[in-house]
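Asks: One structure follows; several queries about it will come next.
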Amino acid sequence: MFKDYPLIKESKKAITQFYPHIPKNAIKALKKVLSGRWIGQGPLVDKLENVFSKRFGNRMSSIAVGSGTDALHLSYILAGLKKGDEVICPIFTCTATNIPLLYFGAKIKFADIDPKTLNIDIKSVKKLITKKTKAIIFVNYGGLPCNLKELSLVAKKNKLVLIQDAAQSLGATYNKKCITAFADFTIFSFQAIKQISSGDGGMLVFKNKKILEKAKRIRWFGIDRLAKQSGTWKNDIKEVGYKYQMTDIGAALLLESIKEFAQIASHRKLIFNTYKKILSKNKNVTVVDSIDGKGHVHWLFTILVNKKDYLQKQLRLRSIETNQVHFRNDKYSIFKKFTKNKRFPNMDSVEEKYLVLPIHGKVKLNDAIYIAQTINKILPN
């Protein structure tokens with residue numbers, strides 16, 4: 001398989017699948033951190049949480065952590081998940097969404113996808129709800145928000161916790177509202193290939209301000225950091241915590257990147273729309289998008305084609321890197337016990353068809369035109 005899809009070596013000719021965004025003032029910001037007292041969790045992490053809450057978090061409680069996976073695990077703890085709880089979650093997502101559920105002994109109930117958007121299918125979600133259901137988890141695939149209004153109504157009607165994995169949808173809106181307004185918990189990822197990055201990092205945003213101090217304690221071994229700074233160890237540890245904090249090094253990178261987010265988003269939108277305009281004319285290619293495209297932040301550009309393997313191989317031969325990025329989770333052995341005798345017809349229908357094209361800051365307008373035109377030549381009408 002690997003000889004069919006050789007790794008793309010970085011060169012002037014190669015167009016890679018992903019490329020990290022490094023803000024223009026990154027070196028200056030990092031030098032300032034490295035010349036000071038705080039390189040671990042310090043005042044810049046506090047500043048980042050405040051800036052992020054105002055810019056992306058609907059002014060809700062925000063807590064910075066070491067990764068998007070940390071944020072997910074922390075949200076599951078704060079949601080009160082326990083052994084035997086049924087949790088409805090997407091079959092099509094990064095495994096980071098679902099693996100932390102195994103830590104609790106929760107019963108995973110996979111929902112099928114909407115074959116047009118690859119987001120979770122709400123009809124499938126409704127069918128899976130029982131008296132034992134505790135929470136619904138969903139992902140905004142590729143930066144395209146789910147039907148957040150309907151999902152929030154379903155959760156409210158059934159008194160369920162709604163957890164939004166927004167690792168792919170930083171800056172997205174729904175009906176002109178910040179996406180965090182629709183869920184009890186929303187997580188974001190700053191992993192290397194996301195819109196903005198701290199190398200790795202995450203943010204948890206939540207509605208209930210009363211649990212903010214608890215969240216901060218669990219982030220750091222169950223210890224109250226402010227109390228500890230008094231210089232004594234007299235404060236008790238009453239809950240199991242983890243080492244999930246972000247560093248000021250990561251926060252410095254993110255604060256600079258947030259300043260550039262409008263330009264980042266604008267460029268990704270340009271590349272996305274360029275692909276879409278050219279490829280929409282090809283009957284052999286279906287572009288994954290919403291009907292109106294509202295609220296999309298264009299982290300991924302995904303197409304559905306019948307000759308996916310052939311197309312991917314031909315693009316690699318032309319030094320264009322493509323991938324499927326995520327895979328259906330029910331195929332992994334760790335989830336097998338939750339999928340016995342279960343069928344996912346919508347996921348089955350696209351499993352061998354979806355392919356993600358390069359979309360990042362290093363992909364220029366001429367690159368996008370070239371890639372789209374090349375696909376049209378490989379798969380002519």
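Asks: Could you calculate the FRET efficiency of LYS123 with ILE193 from 1/(1 + (r/R0)^6), where r is the beta carbon distance between them and R0 is 41 Å, rounded to 0.05? Before the final figure, lay out the partial values.
Replies: Numbers: r = 32 Å, r/R0 = 0.77.
Efficiency computed from Cβ-Cβ geometry: 0.85.
Asks: Sorting ARG316, ARG328 on the 10 Å Cβ count, fewest up front, what's the list? Intermediate values should be presented prior to the final figure.
Replies: Numbers: ARG316 16, ARG328 20.
Listing ARG316, ARG328 from fewest to most nearby Cβ atoms yields ARG316, ARG328.
Asks: So between LYS82 and SER319, what do we pick up on full extension, going 0.36 nm a residue minus the alpha carbon distance?
Replies: Working: separation 237, 0.36 × 237 = 85.32 nm, distance 4.76 nm.
80.6 nm is the gain from fully extending LYS82 to SER319.
Asks: I'd like the FRET efficiency for LYS214 and LYS377, computed as 1/(1 + (r/R0)^6) with the beta carbon distance as r and R0 of 41 Å, rounded to 0.05. Don't skip to the answer; put the middle values down first.
Replies: On the way: r = 57 Å, r/R0 = 1.39.
The pair LYS214/LYS377 has a calculated efficiency of 0.10.
Asks: Quick check: the distance between the Cα centres of segment 167-199 and segment 341-381, to the nearest angstrom?
Replies: Using only Cα atoms, the two centres lie 23 Å from each other.
Asks: Give me the one-decimal nm value for the distance between modelled label points at ALA181 and TYR242, 7 Å along each residue's Cα-to-Cβ direction.
Replies: 3.0 nm
Asks: Here is a further query. What does the convex hull of the Cα atoms of segment 26-259 come to per residue, in Å³, rounded to a whole number? It would help to have the intermediate numbers written out before the result.
Replies: Details: hull volume 27.6 nm³, N = 234.
In segment 26-259, the Cα hull volume divided by residue count equals 118 Å³.
Asks: Turning to a different aspect of this structure: Take the Cα coordinates of segment 7-145, assign each an equal point scatterer, and use the Debye formula without solvent to give log10 I(q)/I(0) at q = 0.13, 0.19, 0.21 Å⁻¹.
Replies: Debye intensities relative to I(0), on a log10 scale: -0.83, -1.18, -1.26.
Asks: If you don't mind, another one. A 26 angstrom limit on the alpha carbon distance is what I want to check against. Which of LYS82/LYS336; LYS82/LYS238; LYS116/LYS176; LYS177/LYS362; LYS54/LYS159; LYS116/LYS209 exceed it?
Replies: LYS177/LYS362; LYS54/LYS159; LYS116/LYS209
Asks: Please identify, among ILE129, ILE91, ILE63, the residue showing maximal mean-square fluctuation in a Gaussian network model of the chain using a 10 angstrom Cα cutoff.
Replies: Maximum among the listed residues: ILE129.
Asks: Then there is this: Gain in length, LYS47 to LYS156, computed as 0.36 nm per residue apart minus the alpha-carbon separation, to one decimal in nm?
Replies: Here the answer is 36.0 nm.
Asks: Picking from TYR242, TYR275, TYR354, which is most flexible by a Gaussian network model of the chain using Cα springs under 10 Å?
Replies: In the Gaussian network model the winner is TYR242.
Asks: If you don't mind, there's one more thing I want to ask. Enumerate by residue number the GluC sites (Glu not before Pro) in segment 287-375 meeting two conditions: DSSP loop (anything except H, G, I, E, B), and at most 16 other Cβ atoms within 10 Å of the site's Cβ. Write down the numbers at each step before the final one.
Replies: On the way: sites: GLU321, GLU351, GLU352; in loops: GLU321, GLU351, GLU352.
Passing both the DSSP loop test and the Cβ count: GLU351, GLU352.
Asks: While we're on this one: Please check: in the Gaussian network model of the chain (C-alpha springs, under 10 Å), which one of SER290, SER280, SER333 has the largest mean-square fluctuation.
Replies: Maximum fluctuation in the GNM of the chain, among the listed residues, is at SER333.
Asks: So what is the diffusion coefficient of segment 261-378 in µm² per second by Stokes-Einstein at 20 °C and 1.002 mPa s, using a Kirkwood Rh over Cα pairs?
Replies: Numbers: Rh = 15.6 Å.
Translational diffusion coefficient: 137 µm²/s.
Asks: Per-residue ellipticity at 222 nm for the chain, helices alone: DSSP H runs ≥ 4 residues times -39500 (n - 2.57), over residue total, nearest 500 deg cm²/dmol?
Replies: Using -39500 (n - 2.57) per qualifying helix, the result is -10000 deg cm²/dmol.
Asks: Right, here's the next one. Taking 7 Å along the Cα-to-C-beta vector as the label spot, tell me the LEU226-LYS54 distance in nanometres, rounded to one decimal.
Replies: For LEU226 paired with LYS54, the spin-label model returns 2.0 nm.
Asks: Just grab the label-to-label distance for LYS24 and LYS353, each label 7 Å out from Cα along the Cβ direction, in nm (one decimal).
Replies: Going from the LYS24 label point to the LYS353 one covers 4.3 nm.
Coordinate-derived values only; no laboratory data. Everything numeric here is computed off the predicted structure, so don't read it as measured data. Quick reminder, even Gly has a Cβ in these numbers, built from the backbone with ideal geometry, and neighbours come from all protein chains shown.
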